[in-house]
Every structure is written in C-alpha cells, then in structure tokens.
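Q: One structure coming up, written as structure tokens, with questions to follow.
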Amino acid sequence: MQLSLDKTIPNLIDERYELVALVFRLAEKQSHSELRNDHQKIVYETFKDFKKHPIVLYTKEHLDFSYDAVLKMAIHLKKIGDRFDLIGNHEALIFEDTIESRWTNENIHKFVELLNDFYKVTNYSTFFKSNTDFYMEHSKRFYQELFDDIDFEWFKRYGINPDNQRIILSPTDEPEGYGASISGDTPSDTIVYSCLAISDDYSKKLGIIVHEYMHFYCNPLGVVLYKENDSFKKWVEETTEKTPYTFYNSPEIIASEYLVRAYTIFYMIENGLGELNEWFEIEKSQGFTYIEEVYDLIKIKEKYNVQPN
C-alpha cells in the first residue's frame with residue numbers, strides 16, 4: 001500500500017492525470033467534459049481559450065475514446081524537469097487490451113509530443129501548483145475518512161501486491177472512478193491504480209476503490225468466461241442489449257463489469273459490510289440483472305480455485 005498514517009500524507013491529486021484529463025475536457029470527450037463541481041468550472045474557464053491547440057484538435061479528431069484510456073495514458077508518463085515522457089515499460093498502454101484497442105504506438109507518441117507543447121504554452125504547472133492547498137485538503141480528508149478502512153491484504157489473492165497499490169484523487173474526474181495498471185515482470189510487480197473523483201464524504205467511497213482495483217483481475221477473466229461459459233455469455237449478452245449506459249457498449253465491457261461488481265460485493269461481505277441481498281438490489285437497479293448468478297459463479301471459482309465452465 002502507499003503509506004501508513006504515521007508518514008507524510010502525499011498529494012493524491014496527480015498532475016499527469018489532471019493534465020491529460022484537461023486535454024480530453026477541451027476536446028469535449030464524453031466522461032471528461034461535464035461541469036459538475038466548482039473546480040471543473042474553474043479549470044474550464046481558465047483554459048477554454050486553448051481549444052484550438054493542436055493536441056485538443058488531434059484528440060477531438062483522431063482519438064475516438066475516453067473513460068479509463070485517459071488514466072492509462074497519464075500513469076504511463078514520467079515528468080523529467082518540465083517535460084513528460086513515456087515510461088520505458090508502457091506495454092499495458094499500447095497492448096490490445098481485454099476491452100478494446102485504443103492507444104497505439106503511433107498515437108501515443110504524437111499525443112505526448114503535443115502534450116508537452118500544451119503544458120508549456122498554457123503554463124499549466126503554475127495553475128496546478130496554485131491549487132496545492134485545495135488538493136492537500138482532499139488528500140488529508142481521504143486518509144482521515146477512508147484509508148484505514150481499506151483491506152489492502154485482501155487483494156493479494158488476486159495477484160495484486162499491496163505495496164504496489166496506488167490511489168489517485170481527481171477534482172476534474174467524473175462522479176465515480178477508473179482503474180488502470182502498469183505492467184510488471186510478474187503480476188506482483190504490477191502497479192495497480194484506483195482513481196476516484198473527489199468527494200464530500202470519502203467514507204462512502206470504499207466500494208469504488210475496490211471496484212477500480214478489481215478491474216486488474218476481472219478484465220481478462222471476463223474475456224475468458226465470456227468465451228468459455230455459455231451461461232455467463234447469455235447473461236452478458238442479454239444485459240448488453242438492455243443496458244441504459246452508453247459507456248457499457250460491448251459484451252466484453254459488460255462481462256468485466258459483472259465480475260468487478262460481483263467481486264466488490266464479495267469483498268464487502270467478507271469484510272462484514274452490508275447485507276448480500278442489499279448489494280444485489282443495488283446492482284440490479286443499475287441494470288445488472290444477473291448479478292446473483294454471476295456472484296454464485298465466482299463463489300464456485302473461489303471455493304475450488306478452478307475456472308468454472
């Protein structure tokens with residue numbers, strides 16, 4: 001895990017993510033362009049005159065994606081002086097992942113090249129530093145209200161090393177969050193991120209933190225189960241046809257979401273948080289009609305440590 005409370009609390013707002021998210025905001029990409037809070041409005045008003053910058057136009061015209069792809073780009077950047085470069089190990093960014101292929105060798109290098117010019121001409125570093133007090137207020141509240149309640153050790157069974165779990169808070173993010181990872185030589189070397197929008201009450205956001213971490217395990221598992229388990233495939237396809245969410249627009253995404261939601265419930269129940277039927281009703285109300293069946297499926301996997309088929 002990142003640290004214990006007896007150490008200095010870091011600024012959990014990540015400049016890389018805020019910068020990349022700003023580009024997608026100015027490009028009016030879904031999931032990063034709404035104005036839900038005061039900080040989002042300040043960001044937009046401060047930088048709206050840069051909508052014609054080449055990176056904004058490039059993103060608007062050539063990058064037909066958003067959502068977690070924004071976080072994936074950000075965490076694969078490193079800042080050296082006043083520039084951002086791709087980290088050496090960026091396979092997880094360009095690999096044709098289990099959901100869809102988005103970032104490519106061609107567009108990542110073009111994006112980073114334009115991003116550095118955008119960072120310079122907008123003087124973004126000054127803006128980011130000017131909000132340090134605001135960022136630290138939320139970082140401290142997160143540690144006070146939620147950090148100690150996260151059972152980091154629970155994730156070990158799914159190949160996630162607690163020492164490599166990271167948290168990002170974002171004032172420009174949408175209401176929920178995103179998950180992403182940086183590949184390591186082994187799963188335990190992989191750095192897994194859970195990105196969460198800022199909140200008035202972090203104590204109520206544990207489910208989102210767990211949800212985003214579990215994408216690391218559930219995305220590839222969802223692809224396997226969708227191909228090999230006929231019942232799961234049926235549940236996924238029927239849900240895909242009826243889902244009210246435009247961002248859950250493929251069976252692979254629905255498969256991942258079903259598993260992530262089921263494993264999040266599993267975490268909650270194992271940690272004595274809430275009643276099983278209450279968690280089921282919440283997911284059903286969001287369109288995941290077969291959550292009980294999927295939960296039973298993962299319980300079989302957990303009990304026998306085998307892939308159900």
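Q: Could you grab the pairs with beta carbons closer than 8 Å, sequence gap of 6+ or different chains, first residue in the stretch 34-62 and under 16 Å from A197 (Cα atoms) and assigned to a helix (DSSP H, G or I), second one at pLDDT below 95 and of a type in the set (S, T, N, Q)?
A: Note: pairs meeting the criteria are H39/T172; Q40/T172; V43/T172.
Q: Also: Considering only residues of the stretch 148-176 that are more than 30 Å from L35 (Cα to Cα) and of a type in the set (A, V, I, L, M, F, W, C), which is farthest from the chain's Cα centre (by Cα)?
A: W154
Q: Just the residues that are surrounded by 21 or more Cβ atoms within 10 Å (Cβ to Cβ) and within 18 Å of F84 (Cβ to Cβ), please, taken from the stretch 8-26.
A: Correct list: I13, D14, Y17, E18, L19, V20, A21, L22, V23, F24, R25, L26.
Q: Do you know which of the residues in the stretch 111-151 that are without any contact (Cβ under 8 Å) to a residue 40 or more places away in the chain and among the hydroxyl-bearing types (S, T, Y) is surrounded by the fewest Cβ atoms within 10 Å (Cβ to Cβ)?
A: So, considering only residues that are without any contact (Cβ under 8 Å) to a residue 40 or more places away in the chain and among the hydroxyl-bearing types (S, T, Y), the one surrounded by the fewest Cβ atoms within 10 Å (Cβ to Cβ) is T126.
Q: Still on this structure, please answer the following. When you check H39 against the structure, is it at pLDDT below 90 and touching a Ser or Thr at 6+ places or on another chain (Cβ under 8 Å), yes or no?
A: Here the answer is no, as H39 does not meet what is asked.
Q: Which one of these is surrounded by fewer than 21 Cβ atoms within 10 Å (Cβ to Cβ), in contact (Cβ under 8 Å) with a residue 40 or more places away in the chain and within 19 Å of W154 (Cα to Cα): S231, S203?
A: The match here is S203.
Q: Do we have any residue at all in the stretch 73-84 that's farther than 16 Å from F127 by Cβ, surrounded by fewer than 21 Cβ atoms within 10 Å (Cβ to Cβ) and touching a helix residue (DSSP H, G or I) at 6+ places or on another chain (Cβ under 7 Å)?
A: Among the residues of the stretch 73-84, at least one is farther than 16 Å from F127 by Cβ, surrounded by fewer than 21 Cβ atoms within 10 Å (Cβ to Cβ) and touching a helix residue (DSSP H, G or I) at 6+ places or on another chain (Cβ under 7 Å), which makes the answer yes.
The values are calculated or read from the model by the stated rules, or taken from the named source; none is laboratory data. Keep in mind the model is a prediction, meaning the values are calculated, not measured. No Cβ is skipped: glycine too gets one built from the backbone with ideal geometry, and neighbour counts run over all protein chains shown.
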